[in-house]
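Everything below concerns the one structure shown next.
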Amino acid sequence: NAIAPFVPAAELPACVDSATNDELIWVDEATMIANQDDPLRYQGRMRYATGVALVDWLADTQRRVAEVSFHFLVFHAPDDEILPIEGSKHLFDESSTPVDWKIFVECPGLRHDVLSNGIELVASHSVEFMDKCIQRTMRD
């Protein structure tokens, strides 16, 4: 925090500051309160070093996305105001994973925390996806 005033904010994406805006994360007050009360949840703003490490990791992931060749399931809300859905679509489209080994689920209205806001949707798609992976593995 001591060096933050001397470092240009332009180096970090806008999502760093918006990642702690609860209204952009959860869809209902009960879920928001439950998450705010979670003792394991970090309550402060993201530290500069964490933000830089995250940006570096994301840049590396962007460069190496074609190397992804395993089964995966992506959940993303098109109305996520913290991280745009285009990044998830890029991973899905550009990975070398065969089309039938990956699933993309758009979750309208679930904002940034798709898991907390749509546990039933996530659970049902996850079970279906794992079943397909197991069936495929058993066949091969």
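The values are calculated or read from the model by the stated rules, or taken from the named source; none is laboratory data. Only a predicted model underlies this, so the values are computations on that prediction, with no experimental measurement involved. So basically every Cβ, Gly included, is an ideal-geometry build from the backbone, and we count neighbours across all protein chains shown. Side chains are part of the model used for accessible areas, which takes the heavy atoms of the whole protein and leaves out ligands, DNA and RNA. Shrake-Rupley method; radii C 1.70, N 1.55, O 1.52, S 1.80 Å.
When segment 43-69 is examined, which residues are found to be touching a residue at least 40 places away in the same chain (Cβ under 8 Å) and open to solvent by 60 Å² or more (accessible area, probe 1.4 Å)? So that I can check it myself, show each step before the final result.
Just the residues of segment 43-69 that are touching a residue at least 40 places away in the same chain (Cβ under 8 Å), to begin with: 47-48, 52, 55.
Across segment 43-69, the qualifying residues are 47, 48.
Can you tell me how many residues within segment 124-140 are open to solvent by less than 50 Å² (accessible area, probe 1.4 Å) and in contact with a helix residue (DSSP H, G or I) (Cβ under 9 Å, 6 or more places away or on another chain)?
Qualifying residue count for the region: 2.
Among the residues of segment 87-140, what is the count of those that are farther than 19 Å from residue 31 by Cβ, assigned to a helix (DSSP H, G or I) and of a type in the set (Val, Ile, Thr)?
So the count comes out to 4.
Going through segment 105-120 one residue at a time, which ones are surrounded by fewer than 19 Cβ atoms within 10 Å (Cβ to Cβ) and of a type in the set (D, E, K, R)?
Result: 106, 120.
Somewhere in segment 72-86, is a residue assigned to a helix (DSSP H, G or I), under 18 Å from residue 118 (Cβ atoms) and open to solvent by less than 60 Å² (accessible area, probe 1.4 Å)? Break it down stepwise before answering.
So the first thing to find is which residues in segment 72-86 are assigned to a helix (DSSP H, G or I), and the list is 85-86.
If we keep only those that are under 18 Å from residue 118 (Cβ atoms) as well, we get 85.
Then drop every residue that is not open to solvent by less than 60 Å² (accessible area, probe 1.4 Å), which leaves 85.
Yes, segment 72-86 has at least one match.
Which of the residues spanning segment 70-86 are free of Cβ contacts under 8 Å to residues at least 12 places away in the same chain and farther than 25 Å from residue 130 by Cα?
Step one: list which residues in segment 70-86 are free of Cβ contacts under 8 Å to residues at least 12 places away in the same chain, which gives 84, 86.
Within segment 70-86, 84 is the sole residue that qualifies.
Pairs please, first residue from segment 88-99 and within 14 Å of residue 61 (Cα to Cα), second anywhere and assigned to a loop (DSSP other than H, G, I, E, B), Cβ atoms under 6 Å, 6+ apart in sequence or on different chains.
95/68; 96/69
Can you pull out the residues in segment 14-42 that are free of Cβ contacts under 8 Å to residues at least 12 places away in the same chain, among the charged types (D, E, K, R) and open to solvent by 70 Å² or more (accessible area, probe 1.4 Å)?
Correct list: 23, 29, 37.
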